[in-house]
Amino acid sequence: MQFREMDERVSYQQQLRESGGPVVLINQFTMPVDQVEQFLNVWANNAEFMKRQPGCISTQLYRGTAGSTTFMNVAVWESAGALGQALSSPEFQRRAAAYPAGVTAAPHVFEKVAVPGICVA
């Protein structure tokens, strides 16, 4: 699997060292159409593992419409540190190595933003 930074000014690795929370991981995956089935199998296997890790609150996978091969994983974690610990575990590293070579991931960590009269943080 190849990685791409979503924000060229702040790396994903920098974000995982932050201490705040809760955070939302948004990970965009793209791939050739012939790799979708294998991607879904590997993602489900990884998600099952991650859901059992300390700090994981939820995860949901979305797919672009009209036959798109772009997927978005949206996962809520208690903290970026908890996410970083789960990602660095040898078990997760072993599982993640099963993604097809043609898959590209663009992960980024977000926090809720308060906008008066619109939404709360």
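Any read-out appearing in this document is the output of simple, stated calculations on the displayed coordinates, not a laboratory observation. Because the structure is a prediction, the values reported are computed rather than measured. Backbone-built Cβ (ideal geometry, glycine too); neighbour counts: all protein chains shown.
Descriptive notes on the structure:
- Fraction of antiparallel bridges per DSSP, the chain only, in percent to nearest 5: 90
- Checking every one of the GluC sites (Glu not before Pro) in segment 2-72 against DSSP loop status and a limit of 10 other Cβ atoms within 10 Å picks out 8.
- Approximate spin-label separation residue 19-residue 65, in nm, with each point projected 7 Å along Cα-to-Cβ: 4.4
- Packing here is the average count of other Cβ atoms within 10 Å per residue, and on that basis the peptides 66-76, 109-119, highest first, run 66-76, 109-119.
- Relative to the dominant Cα principal axis of the chain, helix 36-51 is inclined by about 40°.
- Proximal charge balance of residue 15 [Cβ under 14 Å; K/R count +1, D/E count -1]: -3
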